[in-house]
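The block underneath contains the structure these notes are about, expressed in structure tokens.
The values are calculated or read from the model by the stated rules, or taken from the named source; none is laboratory data. Computed from a prediction, not measured in an experiment: that's the story for all the values here. Virtual Cβ from ideal backbone geometry, glycine too; neighbours counted across all protein chains shown. Surface areas here come from the heavy atoms of the whole protein model, side chains and all, with no ligands, DNA or RNA. Shrake-Rupley method; radii C 1.70, N 1.55, O 1.52, S 1.80 Å.
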Amino acid sequence: MKYTKTICIDSLVRRAEYIDAADLNGEKVMMNLDKGRYFALNEVGSRIWDMMDRPLTVRDIVDAMTREYEIDEQSCAKEVLAFLGKMYDEELISVG
């Protein structure tokens, strides 16, 4: 079982520096070079990944997602936090 650091709406998140990512038809494909693991993100996941090129809060991501997609803030926050938790477990992002 992996340990998931507690990520909350005010947590600061950023892409891990050692992840190699590329665009493929509007979606991101990435490789954790340290672990030799491959990942693919859909359009929404790719958008979140692009936003994390600099440190930002989960709230910043949720605010952007609710403006860009037809989703309410509470549902969006729940989905974004779950997504970021998985990304953290896979060591694709850092949380501070």
Per DSSP helix of 4 or more residues, -39500 (n - 2.57); summed, then divided by the residues of the chain. What does that give at 222 nm, rounded to the nearest 500? -12000 deg cm²/dmol
Could you work out what % of the accessible surface of the chain is carbon and sulfur, using a 1.4 angstrom probe and leaving DNA, RNA and ligands out of the count? 49 percent
Based on the Cβ-Cβ distance from residue 22 to residue 68, what FRET efficiency comes out when R0 is 22 Å, to the nearest 0.05? 0.50
If you average the sequence gap of Cα pairs under 8 Å that are 6 or more apart and divide by the length of the chain, what percent do you get for the contact order? 39 percent
Point-charge dipole on Cβ atoms (K/R +1, D/E -1) for the chain, about Cα centre, debye to 20: 360 debye
Over the chain, with neighbouring protein chains present, the accessible area per residue in Å² at probe 1.4 Å is 63 Å²
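Quick check: from the Cα gyration tensor, does the chain come out rounded (a/c under 1.5), prolate or oblate?
Judged from the Cα gyration tensor, the chain comes out oblate (a/c at least 1.5, b/c at or above a/b).
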Of 74, 58, 87, whose Cα points farthest to the positive end of the dipole of the chain (charges on the beta-carbon: +1 Lys, Arg; -1 Asp, Glu; origin at the Cα centre)? 87
